[in-house]
Each structure stands twice: as C-alpha cells, then as structure tokens.
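Written out below as structure tokens is the structure these notes cover.
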Amino acid sequence: MNKNFPKVSVVIPNYNHERYLPQRIESVLQQTYQDIEILLLDDCSPDSSRVVIEKYAAQDSRIHVVFNEHNSGSTFKQWNKAFALVRGQYIWIAESDDYADPSFLETLVHQLDKDSSIGLAYSNSATVDENNEEVNELRDFYLELDPELWKQDFVIDGRTLVTNFMSYRNIVPNASAVVIRKSAIDKVGKANEKFKVNGDWVFWASLMADTKVAFISKKLNYFRFHLNNARTKTLVKGIALSEMTSVLVEMQQYGKPNQVFLDKMIAVLNEMWFSAMVLNKIPIRTHIKIFNNMKKVNNRFNNDFFMNIKKYFIDNKLSGLRILLGDGLIYRLFKK
C-alpha cells in the first residue's frame with residue numbers, strides 16, 4: 001500500500017439527503033482517527049445536496065466530489081464506482097443519512113490492523129428517527145439468532161456466520177456500521193448491481209465467506225430509520241420479495257445452511273408470497289422467478305406450495321380466490 005495514500009477511504013454516497021448531509025459529514029470530520037480521504041458521490045439529487053457538498057469540499061482538501069449527470073438508479077452502482085476511485089487500505093461506506101460516534105473509525109481500524117485476516121469489521125448500531133431520537137439499539141435485532149454472540153466483541157470465521165445465519169437474516173443491517181479491507185473487495189469482486197434492494201446482503205455474504213469478521217458490541221453507529229421508506233414500492237411490486245428468494249439461492253453456494261433458520265426463512269417467504277398473490281398485482285414473470293427460486297431451496301416445495309394454495313385460496317369460503325378474481329367472476333364460474 002502506497003504510504004502517500006490515506007489509510008481509510010470514507011465513501012459518502014448521497015441521494016436527496018440535504019437535510020442529513022451536514023451531520024453525516026461532520027461526524028466523519030470529527031472522527032478521532034484522521035488518516036482519511038472522503039469521497040462524496042451525489043446521484044443527481046433533486047434537492048440542494050450539491051450546495052451542501054460543495055460548501056464542505058471547499059473547506060477541506062481531503063474531500064473529493066463526484067456528481068452524476070443522471071441518476072444511476074442503484075445504490076450498488078454507486079458503491080462500485082467508489083471502489084474503483086478510492087485509494088485507501090480500508091473503506092467505510094458512510095451512508096449520507098446516518099452518523100457515527102467520534103471513536104467509530106479508530107475502534108474498527110484498530111481491529112483490522114491487529115489481524116490481516118479480518119476482511120471486515122463492524123459495530124453495534126442504534127436506529128434513530130428523522131429527528132435523531134433513538135428508536136432502539138440493534139442488539140435486539142440479533143437475539144433471535146443467538147442470545148449471546150452479539151452481546152460481546154468477537155472475531156470469527158465469516159463463512160460460519162454466513163451458513164449459520166445469512167439464509168435467514170442480513171446480519172449487517174447497515175453499511176455505515178462497517179469498515180472493509182479493500183483487498184477483500186478486490187478478491188471477491190464488486191457488489192451485484194442486479195439487486196435493487198438486497199445487494200448489500202449478497203455483498204456482505206461474499207466478503208464474509210472468504211475472510212474473518214470482527215464485531216464490536218459497543219454502539220458506535222446511528223442508523224437512520226425513515227417512516228416513508230423507499231422499499232414500500234418494491235414490496236408492492238414484488239421486487240423485494242423476488243430478491244429475497246434470490247438471496248436465499250445465493251446463500252446456498254457457501255455451504256449447507258442452518259436448517260432451522262432456512263426453514264424459518266422459507267416459511268416467511270411463503271407467507272409473503274401467497275399474501276402478495278391475493279393483495280398485490282405482481283407481474284406473472286416475477287411470480288415465475290419466485291416459484292423457480294423457492295423450488296431450488298425448499299426440498300418440500302411441492303407439499304408447501306399446494307398446502308398454501310389451499311390455505312390462501314380455497315379455505316374460508318374461497319376468500320382468497322374471491323379477492324384475487326372478484327366475486328362477480330367467481331359467481332359466473334360456479335354457476336356454469
């Protein structure tokens with residue numbers, strides 16, 4: 001690594017977060033660890049983000065700026081663009097609406113420096129609302145997975161984490177909590193841009209499966225929770241559901257998953273899928289993709305599929321079928 005380069009590249013990908021950008025940028029500039037460069041990428045925001053970004057860039061020579069002329073439509077395209085531009089040994093993707101404790105970088109860099117086999121280190125987080133009021137600590141997020149593991153600091157083989165938990169839950173719920181060794185990214189490759197919602201889940205798994213993971217149990221990251229979440233649209237259209245089934249397929253390549261958590265995830269996805277059949281107008285091609293993915297990961301697929309058809313469409317006086325087709329059509333079908 002060239003000693004003339006900063007050790008840590010802080011990437012701030014922004015879209016339409018003018019309101020939160022000052023706090024985000026300040027929380028980076030105020031880190032106790034200062035051997036950094038900052039890459040600010042704006043994905044053609046329609047708000048006044050550019051004004052905020054240019055103001056800070058003019059004040060600090062460590063800040064480099066990339067403005068997109070057109071919106072990329074993808075968080076993960078922005079990540080990949082940043083990976084190609086940064087020069088640091090470590091990368092922190094500091095999402096533009098989050099913020100961090102001043103000791104965040106110092107703590108995680110120390111973990112990475114101690115052991116070159118650690119590919120990523122991340123801290124415990126708290127969720128905050130739009131007014132910085134703490135909603136909850138993400139420690140609770142892990143209780144169902146393992147009541148003890150995330151209560152303390154650990155360094156562990158990443159593939160173990162993937163096979164035990166990642167078929168059920170993305171155990172890195174927020175990119176802002178992570179510092180990554182750049183050589184680990186160079187080894188496994190870019191984030192998968194085909195994913196619109198769950199590309200981070202797939203990306204973390206690919207890194208973890210090839211390296212050690214360090215976790216710091218102290219709450220050092222603050223993850224913004226928005227009530228008007230952009231994922232709502234992806235849920236209605238079935239995009240998020242389809243991607244989650246694709247995630248489940250992706251996880252199979254890393255070894256046999258924990259069967260208990262795999263079964264839980266299959267049950268969750270089945271409930272989401274059949275409820276969506278009744279309530280949402282999801283395109284047929286999306287249903288076909290979900291069908292094929294679920295068939296790949298569920299060895300009881302045929303039994304589960306027909307059991308759910310009965311549950312959602314036949315039981316309770318054909319209530320599901322009546323919602324799907326309309327009472328008028330049902331009446332005409334059964335009158336013949």
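FYI, it's all coordinate maths here, none of it is from the lab. From a predicted model like this one, the values you see are computed outputs, not experimental measurements. All Cβ positions, even for glycine, are placed from backbone atoms using ideal geometry, and neighbour counts span all protein chains on display.
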- In degrees between 0 and 90, to the nearest 10, how far off the longest principal axis of the chain does helix 75-85 point, with axes built from Cα atoms? 30
- Check: the chain dipole with +1 on Lys, Arg Cβ and -1 on Asp, Glu Cβ, in debye: 1900
- Which listed residue (TYR33, SER45, THR163) has the Cα farthest towards the positive end of the charge dipole for the chain, taking +1 on Lys and Arg C-beta and -1 on Asp and Glu C-beta about the Cα centre? THR163
- Message: Can you give me the distance in nm between label points at ARG87 and ASP129, each placed 7 Å from the Cα along the Cα-to-Cβ direction?
- Response: 4.4
- Query: Of ALA276, ASN14, TRP79, whose Cα points farthest to the positive end of the dipole of the chain (charges on the beta-carbon: +1 Lys, Arg; -1 Asp, Glu; origin at the Cα centre)?
  - Reply: ALA276
- Message: Taking the Cα centroid of the stretch 92-168 and of the stretch 183-217, what is the distance between the two, rounded to the nearest whole Å?
- Response: 14
- Item | In the stretch 101-178, the GluC sites (Glu not before Pro) that fall in loop regions by DSSP, at most 15 other Cβ within 10 Å | GLU130, GLU133, GLU144, GLU148
- Query: P(r) of the stretch 185-296 in 5 Å steps, Cα pairs, percent per bin?
  - Reply: 2, 10, 17, 19, 19, 17, 11, 4, 2, 0
- For LYS190, go through the aspartates and glutamates and keep the ones whose alpha-carbon is under 20 Å away, minus same-chain ones fewer than eight residues off. ASP42, ASP43, GLU95, ASP200, ASP210, GLU243, GLU250
- Message: How many angstrom lie between the Cα centre of the stretch 259-311 and the Cα centre of the stretch 56-87?
- Response: 38
- For peptides 77-83, 271-277, 43-49, sequence by mean Cβ density within 10 Å, most packed first: 77-83, 271-277, 43-49
- Query: So for the chain, taking the charge dipole from beta-carbon charges (+1 Lys/Arg, -1 Asp/Glu), which of ASN68, PHE195, PHE104 sits furthest toward the positive end?
  - Reply: PHE195
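Please report, in debye to the nearest 20, how large the charge dipole of the stretch 135-228 is about its Cα centre when each Lys and Arg carries +1 at its beta carbon and each Asp and Glu carries -1 there.
Details: 14 positive and 11 negative charges, 70 e Å.
Computed about the Cα centre, the dipole is about 340 debye.
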- Directionally averaged projected area (convex hull, Cα atoms, the chain), nm²: 19.4
- Message: Counting only helical runs of four or more DSSP H residues, what would the 222 nm mean residue ellipticity of the chain come to if each run contributes -39,500 (n - 2.57) and the total is spread over all its residues?
- Response: -13500 deg cm²/dmol
- Pairs over 32 Å Cα to Cα, from LYS256/LYS281; LYS219/LYS264; LYS182/LYS295; LYS55/LYS212; LYS114/LYS289, come to LYS256/LYS281; LYS182/LYS295; LYS55/LYS212; LYS114/LYS289
